[in-house]
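Notes follow the structure.
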């Protein structure tokens, strides 16, 4: 499937409008001003807008021009008069006039008359201002998150930040620039929040946005010199849209679940960017000084070149830039995902202060040299790249005084008053020089790497399906056979279904899963997935996370480098077998009692290829996975894996039963230094 270049198709290269508005963000007061709250009157959303023409007449006029979709005969004005649940960030007449004037003065409009603005601009104003909440209730201001769990109707994220008014009262900003001047106008079909600036996220690519931002100029120069700016321009797959229009996409038939398919297929990117001041603080002022810095600090092989051919993937500057880029669109809350780790707080899921233990994700960077970034979420909503921590093995909290700590590079959520949200992804400022140093593969990544399967499927994240966006479907998402780039082969009989926990807050009860989601695959399934890279060449185990029950099936596993001809590994994996099976030999730690007895049973289970589930996540009311008899790990591969090499894994049903389920939750890549090192592997 071809991911067509959105920018070549829709955006002239000379057009880039950045509205740079300086906002003063001081410390927030606890006493939020309630004087702008609106008393519920029983109106529909459109009724309220029409009943306040002095504030919203321009917005109402534009709503009357725009259709919800190309196939819809009704207008947005009619849609907002009907039942439903909508969160509307309604711009005032003054906000719309100011926005149109700014476009006119920039030469982007021939007229500011509302009747003469292009349809595409009218659609942008409307779709960027409305979240369609589906069967879920609309968002009041007390439910705002950054970003909002559901994208707007333009399928762009809504950012929420807070600042102080001149009197010190806390105020809310939407997408950095739009101040909420009246919040929580409750109507029959949702909430209206009045804003003083039209929501107009940048239509630039990630690379172009970095190049245009005043405090990221040197990184922008590096993007252009290496050619990576032109490698990050794909956005929307219009071939996939045509499948939707032709009615060829699969809504799901998995039992009585039903479900939905993603409306679009996106390619997105995330960049971690040193600001100009960070480069200068490290003595880097031009490409030559960067090359000198890399010679001294980076960990590259003997094939690395330091000449001026920066587009060469072996060039040091090219490798440096590539290690800052990942091919998945990660907003702030998606950098790491947390949901049911040990001690999880069932509060606001997107509030990083609810971390009780560290959480992390591993992301493969772009470029020829397959490398990995580890992002760690730390209490206090910190997120750092390539942090190495030492843990108290009773609480799994970081040990405060760590002689072996590698603090990592800090990530900033925003770039001050500059927009970091592009059409096809995000960039985040970082507070240090991000390098592939010797410590990264040998210390930071020399650990048990646990991958939730979602983190290996960027398109799922780009479509906003992961955990936080059930949209009334109870989280059942179905995918076509060529939706995922990292699943290059999938048989036509494979029904690939993702189940996101609808609550998304850890209160999942019987969901014995890592990060409370799973893939539940039906049919006579047969599919191949690309594995993430290993940090260094050596012996590794690949482990498969199990949630056993009688509805599951059996799969033969294959691992190798040729996705079309992978060798079979071991005997088939029977997902109906839980810890009660005599061969597995599971007994609870509480029943075993002593540390010696617990360790001895672990050895016996490993000899049979099984392990207890991790202590790290708690599938049911803070009962750790290790204490759950159906929550197991199976060692499915042990052998030599080479750094930089691409490996694939295949799962093929061995049962002639289309209703048998293949459960797919997480994989672990574990170097021998961890599972057979000088110190025993922890039970987390």
Unmet requirement for residue 629, which otherwise passes all of (1) part of a strand (DSSP E or B); (2) surrounded by fewer than 21 Cβ atoms within 10 Å (Cβ to Cβ): (1)
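How about the stretch 101-202: which strands (runs of 3 or more DSSP E) wholly inside it have at least 1 residues that are in contact with a helix residue (DSSP H, G or I) (Cβ under 8 Å, 6 or more places away or on another chain)? Steps first, answer last, please.
Working: elements: 130-132, 160-164, 170-174, 178-187, 190-195.
Strands (runs of 3 or more DSSP E) meeting the threshold: 130-132, 170-174, 178-187, 190-195.
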Going by what's in this entry, would residue 214 be described as assigned by TED's automatic domain parsing to the domain that holds residue 321 and either touching a strand residue (DSSP E or B) at 6+ places or on another chain (Cβ under 8 Å) or at pLDDT 95 or above (or both)? yes
Against the conditions (1) modelled with pLDDT under 95; (2) within 18 Å of the chain's Cα centre (by Cα); (3) assigned to a loop (DSSP other than H, G, I, E, B), where does residue 343 fall short? Just the number, please. (2)
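Within the stretch 52-64, is even one residue in a loop (DSSP other than H, G, I, E, B), modelled with pLDDT of 95 or more and under 33 Å from the mean Cα position of the chain (by Cα)? Break it down into steps so the answer makes sense when it comes.
Restricting attention to the stretch 52-64, the residues satisfying the condition of being in a loop (DSSP other than H, G, I, E, B) are 52, 64.
This time we only want the ones that are modelled with pLDDT of 95 or more, so: 52, 64.
Filter once more, keeping what is under 33 Å from the mean Cα position of the chain (by Cα): none.
Checked the stretch 52-64: no residue is in a loop (DSSP other than H, G, I, E, B), modelled with pLDDT of 95 or more and under 33 Å from the mean Cα position of the chain (by Cα).
Would you say residue 220 is within 30 Å of residue 366 (Cα to Cα) and not in a loop (DSSP other than H, G, I, E, B)? Walk me through it before giving the result.
Values: within 30 Å of residue 366 (Cα to Cα): yes; not in a loop (DSSP other than H, G, I, E, B): yes.
Judged against the criteria, residue 220 is a match.
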Take the residues in the stretch 598-622 that are under 32 Å from the mean Cα position of the chain (by Cα) and outside any loop (DSSP other than H, G, I, E, B); name whichever of them is surrounded by the fewest Cβ atoms within 10 Å (Cβ to Cβ). 620
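Does residue 373 satisfy being under 30 Å from residue 520 (Cα atoms) and touching a residue at least 60 places away in the same chain (Cβ under 8 Å)? Outline the logic, then answer.
Working: under 30 Å from residue 520 (Cα atoms): yes; touching a residue at least 60 places away in the same chain (Cβ under 8 Å): yes.
Taking the combined requirement at face value, the residue satisfies it.
Which one of 548, 597, 555 is farther than 29 Å from residue 646 by Cα and at pLDDT 95 or above? Please lay out each step first, then the result.
Details: 548 fails: at pLDDT 95 or above; 555 fails: farther than 29 Å from residue 646 by Cα.
Exactly one residue qualifies, and that residue is 597.
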Failed item in (1) in a loop (DSSP other than H, G, I, E, B); (2) surrounded by fewer than 20 Cβ atoms within 10 Å (Cβ to Cβ), with residue 579 passing the rest: (2)
Counted residues in the stretch 165-175 being in contact with a strand residue (DSSP E or B) (Cβ under 7 Å, 6 or more places away or on another chain) and at pLDDT below 90 come to 1
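Any idea which of 535, 488 is modelled with pLDDT of 90 or more and surrounded by fewer than 22 Cβ atoms within 10 Å (Cβ to Cβ)?
On the way: 535 fails: surrounded by fewer than 22 Cβ atoms within 10 Å (Cβ to Cβ).
488 is the lone residue from the list that is modelled with pLDDT of 90 or more and surrounded by fewer than 22 Cβ atoms within 10 Å (Cβ to Cβ).
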Taking residue 651 and the conditions (1) farther than 23 Å from residue 617 by Cβ; (2) crowded, with 18+ Cβ neighbours inside 10 Å; (3) under 27 Å from the mean Cα position of the chain (by Cα), which numbered condition does it fall short on, given that it satisfies the others? (1)
Any hit, the stretch 669-681, residues being farther than 26 Å from residue 553 by Cβ, in contact with a helix residue (DSSP H, G or I) (Cβ under 6 Å, 6 or more places away or on another chain) and either modelled with pLDDT of 95 or more or in the same structural domain as residue 552 (by TED's automatic domain parsing) (or both): yes
Counting only residues that are more than 30 Å from residue 412 (Cβ to Cβ), give me the helices (runs of 4 or more DSSP H) lying completely in the stretch 223-323 with at least 3 of them. 238-245
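When you look at residue 358, is it outside the structural domain of residue 146 (by TED's automatic domain parsing), touching a residue at least 12 places away in the same chain (Cβ under 8 Å) and under 22 Å from residue 234 (Cβ atoms), yes or no? Talk me through it step by step, then tell me what you get.
Working: outside the structural domain of residue 146 (by TED's automatic domain parsing): yes; touching a residue at least 12 places away in the same chain (Cβ under 8 Å): yes; under 22 Å from residue 234 (Cβ atoms): no.
Taking the combined requirement at face value, the residue does not satisfy it.
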From (1) without any contact (Cβ under 8 Å) to a residue 60 or more places away in the chain; (2) assigned to a strand (DSSP E or B); (3) under 18 Å from residue 268 (Cβ atoms), pick out the condition that doesn't hold for residue 364. (1)
In this structure, does residue 389 turn out to be touching a strand residue (DSSP E or B) at 6+ places or on another chain (Cβ under 9 Å) and modelled with pLDDT under 95? yes
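Does residue 595 satisfy the criteria of being under 27 Å from residue 361 (Cβ atoms) and surrounded by fewer than 19 Cβ atoms within 10 Å (Cβ to Cβ)? Walk me through how you get there before you give the answer.
Working: under 27 Å from residue 361 (Cβ atoms): no; surrounded by fewer than 19 Cβ atoms within 10 Å (Cβ to Cβ): yes.
No, not satisfied.
The values are calculated or read from the model by the stated rules, or taken from the named source; none is laboratory data. Not measured: the values here are computed from a predicted model. Positions of Cβ are generated from backbone atoms using ideal geometry, with glycine treated the same way; all protein chains shown enter the neighbour counts.
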